[in-house]
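Every number here is computed from the coordinates shown, using simple stated rules; none is lab data. As the structure is a prediction and not an experimental result, all values here were calculated from the model. Glycine gets a Cβ as well: all are built from the backbone with ideal geometry, and neighbour counts include every protein chain shown.
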Amino acid sequence: MKKSSPFLLLGKITFRFRIYIIAFWVLTTILLGFFAVKLPASLNGSGFEMDGSFSKVENILQDKFNQPKSSVMLVFDSKKYNPSDEVYEQFVKETLSSMEGVKDTVGVQSPYDAPEKMVKENVSFASVRFDKSFGDLKESIEQIRERLPKDGDIEVSLTGGPVIAEDMNTASQQDLARAEAIGIPAALLILLLAFGGLIAAGLPIIVGLISVVSSLGLLYFYGTQANLSIFLLNVVPMIGLALGIDFALLLVNRFREELHLGIEKATVISVQTAGRSIAFSGLCVFLGLSGMLLINIDIFKTVAIGGMVVVVLSVLNALTFLPAMLGMLGHRVNSLTLFKPKKNSRSIWHSFASFVMRRPVIMAIFAALLLAFALTPIKDMKLSIPEAEALPPNYESRTAFEKFEKTFGEDELYPVLIVAESNDSFLLEEESLSSLEDLVKELENEKEIIKTESFFDYTNKLSGKELFQVLQTEQGKKQLTPALEPFINENTAVIRAYLSVDVTGQKAKQFVKEWEKEFEGLSLTIGGATKFNQEIFDEIIDKAPYGLAIVLVTTLFILMIAFRSVLIPLKAIFMNMLSLAATFGILVWIFQSGTIMDPVEIGLMIPVFTFGIVFGLSMDYEVFLISRIQEIYEETGDNNHATLLGLTSTSKIITSAAAIMIVITGSFAFTDVMPVKQIGIAIALAIFIDATIVRMILVPSLMKLLGHWNWWMPFSKRNRMKRGT
């Protein structure tokens, strides 16, 4: 290391002002902790919101056709009575009358207002409508739940988007508590095995918790200005604990190694060496998450911003608070020792690394075949947007929604909404009515359409020309106006089309995409669940490659600067991509095959989240390992010796770091919210593959095969070194 290194200066400053730095972090954490507690109340929705045609249609329906901003459903069901029975009807009326006075309600629609749509067999539903959006209905939902009858021969259940979102928030908080209860003790146990003492083992836990609490507190202020997805509550602690503990583990380990030189020198060297690795590792994770910002969907922006905040604070914490604490503790960092760690781990790793490096070709092929086998199921991956099924099975909002979907889904949940607008004239003029008639006929001729619903269905099937003529008379206008109002307003008309194909399938998505066009002077905008799916999928497919390219290119240059090498960064990126592909293959086998659990599709955001988080996290170990190999190589000029010694000296700490990352993220496998379970398992799997097959086999094999070419860099003085093996 050069003496002018900024990390050398940082180490000296941190040691000199250690008391002030500790006081600053303690006070800041306490202050931000107050706001972190308030963050869950400000989270709302699944995060799958974006500006597009779906959103535009929703706004048009609210502005021109009195559609409420949001609504919830009361689902009635009875095994004893039918909706036509007086007891059933009286129960419904009494339940709905109790909704009077619920905060922000603008109306209640009874199943008996439209029995042809809202009643089937023994099941019926009512709609409670609000003039507030999803995130503002917590108090209203609580009031409704308090007023619902709790038992009887007729069941009533509450469900709908706002209710599912609120339950998702509650379940996420419970999942977080459960995961922390599993992950933190497991991480502490691993740290004890690594360090042998409570003080050294406890410091990384403290650093991780400070990073998480501070991040959640800062994000509360951001949440007052933007919509934050409820998944933030799981992702930020997951990243923050894993990363904060890993960073601290590296720095504490280096401090203990250098402590024989004196407390101040050990602190400075730790920041100068391990601190440099932490900074580059944090930058890689930051860049990995930043690629999600290009995807214009709230949930990806939420996770990206939340993750980037916790990464920055984890790095700052590890480079300032932790060295300051170590400077204060000094030799006491080794106190409260429970046992002395075994010393034979070096020889085991030395023997294994030697074994691999003596057979580099065979071992590299073996590792590549393992990864190739693991990634084969990836071709069968099915992605979907999580809805009620993401909730635990025992949640009322999920069971009620599934009952509603099974009974009324085709008609109530999944129509394609077609908004036709004319900029030149009112739609009740003869030419416009004829265009609308042609539009309806054209839609009905499409093979993807079963039926349509428009104002023509409620005007005795009059043609556009006949309808215009009837509307010219006062009597005709009076008779037809009630039928027209739900479907036409000035220059805007609404048509509902019901699909004959899977509403979330590729044919349905292609249909809504193709039909967003101009038609005989009418501008068509498409909405509905199918359009929502199409826009979300297309946004990810269109933007993700750009985000991927930015992450790969920037990471390549960062690592080239860090290691002053071309091939090492290229290898690191390639191996990372290979291990991620293998992870996705195993994920498909776990969740979709039905071998381990009931088959369930992978959440649409899981591959993007996993890449954004794991790509950077995996680079931690690459940076930790290669940094140590680089130090030895620059001292000796011997690539094989540097690789062997670097692997041996860092193996225990990297294994411990990986184990901590696995137990922290893997603890989310025991949660109940399906996307959280999937992301936890995905990250744990990716880290496991990276720490075993990649780090133990591929890295030493390729380092051996490439020899001094590992360190080739254009225009570098190092290139003039004698080539060797």
Measure nothing fancy, just the Cα-based angle from helix 639-666's long axis to the longest principal axis of the chain, in degrees from 0 to 90, nearest 10. 40 degrees
Virtual spin-label span in nm between Leu383 and Thr399, 7 Å along Cα→Cβ: 3.4 nm
Helix 18-36: inclination vs the chain longest Cα principal axis, degrees, rounded to 10, gives 20 degrees
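First measure r as the distance between the Cβ atoms of Lys120 and Gln62, then evaluate 1/(1 + (r/R0)^6) with R0 = 35 Å and state the FRET efficiency to the nearest 0.05. Let's see the in-between values first.
Details: r = 27 Å, r/R0 = 0.79.
Efficiency at R0 = 35 Å is approximately 0.80.
Calculate the FRET efficiency for Phe574 and Phe355 from the Cβ-Cβ distance with a Förster distance of 25 Å, rounded to the nearest 0.05.
Details: r = 23 Å, r/R0 = 0.94.
Calculated value: 0.60.
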Over the chain: helical MRE at 222 nm, DSSP H runs n ≥ 4 each giving -39500 (n - 2.57), nearest 500: -21000 deg cm²/dmol
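Quick check: residue separation of Glu264 and Met597 times 0.36 nm, minus the Cα distance between them. What number comes out in nm?
On the way: separation 333, 0.36 × 333 = 119.88 nm, distance 5.42 nm.
Answer, rounded to one decimal: 114.5 nm.
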15 Å beta-carbon shell around Ile602, net charge (K/R +1, D/E -1): -2
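Quote the FRET efficiency, to the nearest 0.05, computed for Gln506 versus Lys451 with a Förster distance R0 of 25 Å and r equal to the Cβ-Cβ distance. All intermediate terms of the calculation are to be shown ahead of the outcome.
Values: r = 22 Å, r/R0 = 0.87.
Taking R0 as 25 Å, the efficiency between Gln506 and Lys451 is 0.70.
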Sorting check: for 591-598, 434-441, 160-167, which peptide has the highest mean count of neighbouring beta carbons within 10 Å, and how do the rest follow? 160-167, 434-441, 591-598
Treating only the Cβ atoms of Lys and Arg (+1) and Asp and Glu (-1) as charged, compute the dipole magnitude of the chain about its Cα centre; round to the nearest 20 debye. 6320 debye
What is the gain in length, in nm to one decimal, between Ile561 and Leu316 on full extension, counting 0.36 nm per residue of separation less the C-alpha to C-alpha distance? 86.1 nm
Between Ile541 and Glu635, what is the label-to-label distance in nm when each label sits 7 Å out along the Cα-to-Cβ direction? 5.4 nm
Using label points projected 7 Å from each Cα along Cα→Cβ, tell me how many nm separate Ala549 and Phe34, to one decimal. 4.8 nm
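Given a cut-off of 29 Å, name the pairs among Lys451/Lys531; Lys406/Lys513; Lys382/Lys406; Lys12/Lys704; Lys69/Lys379; Lys451/Lys677 whose C-alpha atoms lie farther apart than that in the structure shown. If you can, show how the numbers build up before the last one.
Working: Lys451/Lys531 18 Å; Lys406/Lys513 27 Å; Lys382/Lys406 22 Å; Lys12/Lys704 38 Å; Lys69/Lys379 40 Å; Lys451/Lys677 39 Å.
Lys12/Lys704; Lys69/Lys379; Lys451/Lys677, as the Cα separations exceed 29 Å there.
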Give me the percent relative contact order of the chain, please, defined on Cα pairs under 8 angstrom at least 6 residues apart. 19 percent
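Over the chain, what per residue volume does the convex hull of the Cα atoms give, in whole Å³?
Working: hull volume 135.9 nm³, N = 725.
Roughly 187 Å³ of hull volume per residue.
Could you put Val119, Val600 in order, starting from the residue whose Cβ has the fewest other Cβ atoms within 10 Å?
Working: Val119 21, Val600 18.
Fewest-to-most Cβ neighbours within 10 Å comes out as Val600, Val119.
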